[in-house]
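> One structure is given below, represented as structure tokens, and several questions about it will come after.
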Amino acid sequence: MSAPFSADLAQIGKSVVIKGELSGSEDLYVDGQVEGSIALKGNSLTVGPHGQIKASVEAKGVIVQGKLEGNVLATDRVDLRKTAIVTGDISTQRIAIEEGAYLKGKVDIQGRAEKAAGK
């Protein structure tokens with residue numbers, strides 16, 4: 001499983017460790033370690049199979065193949081692949097969980113009306 005190809009895609013490799021606030025306006029592929037917070041409001045985050053994230057995540061879409069500890073707020077979709085290990089609460093409009101994925105936390109499915117009301 002390699003990184004998705006896109007014109008606007010930033011990548012964090014296996015040997016990279018980031019501690020602090022991470023924000024941007026392009027899609028992000030993380031195969032390294034990130035601690036802190038990740039804010040990609042209009043874009044998507046992909047956690048690669050070697051990725052280890054300990055952060056609160058806010059993005060349009062989130063795909064997890066590795067390990068993610070922290071709460072996830074996705075305005076569109078969360079996709080947990082079979083190798084995903086997620087510990088934390090997920091708030092999104094749509095979610096897909098493959099067989100074999102691990103999730104410990106609650107899932108809050110928000111409708112479009114709730115999003116418009118700011119809840």
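Readers should treat all values here as calculations from the given coordinates under stated rules, not as data from a laboratory. All values reported here derive from a predicted model rather than from experimental measurement.
> Please work out the ratio of the alpha-carbon Rg of the chain to 2.2 N^0.38 Å and round it to two decimals. Let's see the in-between values first.
On the way: Rg = 13.2 Å, N = 119, 2.2 N^0.38 = 13.5 Å.
Cα Rg divided by the expected 2.2 N^0.38 Å: 0.98.
> Express the relative contact order of the range 9-108 as a whole percentage, based on alpha carbon pairs under 8 Å and six or more residues apart in sequence.
17 percent
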